[in-house]
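Student: Below you will find the structure I want to go over with you.
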Amino acid sequence: MSTRAIAFLKKAGVRFEVVAYRHEQKGAAFAAQATGFALERTLKTLVVSLDTGGHVLALVPGDRRLDLKKTARAFSAKRAAMADAATAERLTGYLVGGISPFGSRRRLPVVMDDGVLGSDSVMINAGRRGVMLKMSPRDIADVLRCRTAPIGRAAP
């Protein structure tokens, strides 16, 4: 099985394990349950629009919500909003529910919630619904050259 994300990581020499599951619904909660992996270590890849006119990717644990104000601040913007599904799919080349920060159609700046750096491994989308990658959050930060910031907040 291969996706642009997997090809990107192989080319970069990054270690990962492919974990496939039966995709029945979108979302980190379902992916975590289906793979038996902890929700707080299953990352969501979200496409965010900044008031400066650009877009970024935000990586947040599945048990947390994205704090848009903190995300904007991480990129010196005043406001941020979630991109609509069509924009997210156009920018990344992936379907919503399968968006990966690796091998995206357009290279976008990335910010990862700094709380995940303490984990040995996390799950992140591989660029196809029903396919995740188990890997080190440090490797994610390094290969994407992403910023880290406290962009997650407790989910209600």
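The values are calculated or read from the model by the stated rules, or taken from the named source; none is laboratory data. Note that the coordinates shown come from a computational prediction; the quantities given were computed from them, not determined experimentally. Glycine gets a Cβ as well: all are built from the backbone with ideal geometry, and neighbour counts include every protein chain shown.
Student: Would you check if there is a residue in segment 100-115 being among the β-branched types (Val, Ile, Thr), more than 19 Å from residue 150 (Cα to Cα) and modelled with pLDDT of 95 or more? Lay out the reasoning, then the answer.
Tutor: Narrowing segment 100-115 to residues among the β-branched types (Val, Ile, Thr): 110-111.
When the remaining residues are screened for being more than 19 Å from residue 150 (Cα to Cα), the result is none.
The answer is no, given that none of the residues of segment 100-115 is among the β-branched types (Val, Ile, Thr), more than 19 Å from residue 150 (Cα to Cα) and modelled with pLDDT of 95 or more.
Student: While we're on this one: Do you know which residues across segment 32-69 are touching a helix residue (DSSP H, G or I) at 6+ places or on another chain (Cβ under 9 Å) and assigned to a helix (DSSP H, G or I)?
Tutor: Hits for segment 32-69 are 32, 33, 39, 40, 41.
Student: Of the conditions (1) in contact with a strand residue (DSSP E or B) (Cβ under 9 Å, 6 or more places away or on another chain); (2) farther than 19 Å from residue 126 by Cβ, residue 88 clears all except one; give me its number.
Tutor: For residue 88, the failing item is (2).
Student: Same structure again: Please determine, by comparing only the residues of segment 1-30 that are in a helix (DSSP H, G or I) and touching a helix residue (DSSP H, G or I) at 6+ places or on another chain (Cβ under 9 Å), which one is surrounded by the fewest Cβ atoms within 10 Å (Cβ to Cβ).
Tutor: Here is the first cut: in segment 1-30, the ones in a helix (DSSP H, G or I) are 4-12, 28-30.
Subsequent filtering for residues that are touching a helix residue (DSSP H, G or I) at 6+ places or on another chain (Cβ under 9 Å) retains 8-9, 12, 28-29.
Numbers: 8: 18, 9: 23, 12: 13, 28: 23, 29: 15.
Across segment 1-30, the extreme among qualifying residues is 12.
Student: Look at segment 37-49 and say how many of its residues are over 10 Å from residue 123 (Cβ atoms) and among the small types (Gly, Ala, Ser). Please lay out each step first, then the result.
Tutor: Just the residues of segment 37-49 that are over 10 Å from residue 123 (Cβ atoms), to begin with: 40, 44-49.
Applying the additional criterion that residues be among the small types (Gly, Ala, Ser) yields 49.
Number satisfying all stated conditions: 1.
Student: When you check residue 62 against the structure, is it in contact with a strand residue (DSSP E or B) (Cβ under 9 Å, 6 or more places away or on another chain), surrounded by fewer than 19 Cβ atoms within 10 Å (Cβ to Cβ) and among the small types (Gly, Ala, Ser), yes or no?
Tutor: Values: in contact with a strand residue (DSSP E or B) (Cβ under 9 Å, 6 or more places away or on another chain): yes; surrounded by fewer than 19 Cβ atoms within 10 Å (Cβ to Cβ): no; among the small types (Gly, Ala, Ser): yes.
No.
Student: Next up: Here are some conditions: (1) surrounded by 15 or more Cβ atoms within 10 Å (Cβ to Cβ); (2) more than 11 Å from the chain's Cα centre (by Cα); (3) hydrophobic (A, V, I, L, M, F, W, C); (4) under 15 Å from residue 129 (Cα atoms). Residue 95 meets all but one. Which one does it not meet?
Tutor: It fails just one condition, (1).
Student: Would you confirm whether any residue within segment 73-80 is in a loop (DSSP other than H, G, I, E, B), of a type in the set (D, E, K, R) and under 24 Å from residue 7 (Cα atoms)?
Tutor: Quick first cut of segment 73-80, residues in a loop (DSSP other than H, G, I, E, B) only: 75-79.
Those still in the list that are of a type in the set (D, E, K, R) too: 78-79.
Then keep just the ones that are under 24 Å from residue 7 (Cα atoms); that gives none.
Checking segment 73-80: not a single residue is in a loop (DSSP other than H, G, I, E, B), of a type in the set (D, E, K, R) and under 24 Å from residue 7 (Cα atoms).
Student: Follow-up. Test each condition in (1) without any contact (Cβ under 8 Å) to a residue 60 or more places away in the chain; (2) touching a strand residue (DSSP E or B) at 6+ places or on another chain (Cβ under 9 Å); (3) surrounded by fewer than 18 Cβ atoms within 10 Å (Cβ to Cβ); (4) under 23 Å from residue 93 (Cα atoms) for residue 44 and report the one that comes out false.
Tutor: Among (1) without any contact (Cβ under 8 Å) to a residue 60 or more places away in the chain; (2) touching a strand residue (DSSP E or B) at 6+ places or on another chain (Cβ under 9 Å); (3) surrounded by fewer than 18 Cβ atoms within 10 Å (Cβ to Cβ); (4) under 23 Å from residue 93 (Cα atoms), the lone unmet condition for residue 44 is (3).
Student: Just need a number here: residues in segment 97-156 that are within 22 Å of residue 19 (Cα to Cα), in contact with a Pro (Cβ under 8 Å, 6 or more places away or on another chain) and part of a loop (DSSP other than H, G, I, E, B).
Tutor: Counting residues in segment 97-156 that are within 22 Å of residue 19 (Cα to Cα), in contact with a Pro (Cβ under 8 Å, 6 or more places away or on another chain) and part of a loop (DSSP other than H, G, I, E, B) gives 2.
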